[in-house]
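I have placed the structure first, in the form of structure tokens, so that the comments after it can refer back to it.
The values are calculated or read from the model by the stated rules, or taken from the named source; none is laboratory data. Predicted, not measured: the structure shown is a model, and the values here were computed from it. Every residue, glycine among them, receives a Cβ derived from its backbone with ideal geometry; neighbour counts consider all protein chains shown.
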Amino acid sequence: MVSIIDKSNCCGCTACVNICPRNAIKMKPDVLGFIYPSVDEDLCVNCGLCDRVCQFNKEYKDYSDGFDQIAYAFRFSDESELMKSQSGGAFYAIASHIIQGEGIVYGAGFSDDLNVQHKRVTSLEQLDEIRFSKYVQSDLGSVYSMILTDLKAGNVVLFSGTACQVAGLKSYLPTRYQKNLITIDTICHGVPSPAVWRDYLKYVQGKHKSQIIQTCFRDKNCGWNTNLQRFIFSNGVVKYGQTSNYLYFRGYTIRESCNVCPFTNLRRVSDITIGDFWGWHNISEKFNDDKGISLLLVNTCIGANIIDGISKSHFLQKCKTADCIQPQLVHPTIKNPKHDQFVHDYTRYGFLYVAKKYGDLGFNYRITQLKKLVKSIIRHESK
């Protein structure tokens, strides 16, 4: 029987919920909105499936089949599509290739109330719903079961998610149904709090007295390397902010399991790994245009076949793995020493308090920015 005593031992992938033959497991949120399994002992028959399906450990299964991993720099050929993508357009290129072949794509998108959840997509028109990075842990719901149904029907399915979500899916699915499954995982800094995201939305809507109808976690129009969030309101106004991103990238809102993530290495669980190629300067200065470029790690023969299918239509350059190593391909995100105090303060005092104390809405942030400005001026004048 699955039992979560230490929260860092659970990534919230929902594999245990989906595999339970008695529907004895439900996922319940904590104060940050992260979900954890809870077992109804009256329904549980102690079959052990929930324990066996869990892959969140250092002994997770290797799916490479002996394939020698290949690294590529990737950029979408059509500049309009490139600029609509978060990075170099790798996910959109792969996903549209699958859909054009009458396959099905699952990825993270927004619900009507702007919560992040995985969606099933079958057309290019729907594909825009699951583009762009989502800096909130996605609600998988019953997606694993839906994918199994699609695979049983003989459909080709592409699933995109974090490495722990991919590992959970593959462990849940019977091997005989995985021949038509293609998986993409992202180079992941960690998954941020759904509850903090919802509170931030309420704060922004209250501040501007209008409902948010569209948002983007990183607005590429402000530069590929920016962390500015764009909000479009029902009254037509467009505003920018960064509070939830600011708290996320400083480790305050990250799930505890992300600080001990076993998947932060080059032994990937997916067919293809994608992310921002921050090492672009190691291969060519021509990418110094702030338009974005993707890193692709091709991990299996299945992944290699997919990349072969899109290679003639887009820019693709093979590169050395050493030129594209990022921290999250070496070790988990280091836990912020103030994380536990942040959770305590958030629980007791709410969002606005922690956004001012730890984020960019308070006096401390303004003082820090002022100090940076003064140092910049001094350096400039000393030249």
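Reported count of residues in segment 1-41, each being assigned to a helix (DSSP H, G or I) and of a type in the set (V, I, T), is 2. Of the set (1) modelled with pLDDT of 95 or more; (2) outside the structural domain of G359 (by TED's automatic domain parsing); (3) surrounded by 21 or more Cβ atoms within 10 Å (Cβ to Cβ), all apply to Y248 but (2).
Just one of the numbered conditions (1) touching a residue at least 40 places away in the same chain (Cβ under 8 Å); (2) closer than 21 Å to C258 by Cα is not true of E59: (1). Entry remark, segment 120-138: residues being touching a Ser or Thr at 6+ places or on another chain (Cβ under 9 Å) and buried (at least 19 other Cβ atoms within 10 Å of the Cβ) number 8 in total.
When segment 328-359 is examined, which residues are found to be in contact (Cβ under 8 Å) with a residue 40 or more places away in the chain and not in a loop (DSSP other than H, G, I, E, B)? Break it down into steps so the answer makes sense when it comes.
Within segment 328-359, the first condition is being in contact (Cβ under 8 Å) with a residue 40 or more places away in the chain, and the residues that meet it are 328-336, 338-339, 342-343, 346-347, 350-352, 354-355, 358-359.
Residues satisfying the conditions are Q328, L329, H339, F342, V343, Y346, T347, F351, L352, V354, A355.
Quick one: is G103 under 15 Å from G161 (Cβ atoms) and either of a type in the set (G, A, S) or modelled with pLDDT under 95 (or both)? No: the conditions fail for G103. Taken together, the residues in segment 187-201 that are closer than 18 Å to C13 by Cβ and among the hydroxyl-bearing types (S, T, Y) amount to 1.
Each residue in segment 285-327 was checked for being closer than 18 Å to G89 by Cβ and either free of Cβ contacts under 8 Å to residues at least 40 places away in the same chain or not assigned by TED's automatic domain parsing to the domain that holds Q86 (or both), and 6 of them qualify.
Per-residue answers, yes or no, for (1) at pLDDT 95 or above; (2) surrounded by 18 or more Cβ atoms within 10 Å (Cβ to Cβ); (3) over 26 Å from H97 (Cβ atoms):
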residue	(1), (2), (3)
Q165	yes, yes, no
L173	yes, yes, no
P192	yes, yes, yes
D199	yes, yes, yes
K202	yes, no, yes
K207	yes, no, yes
I213	yes, no, yes
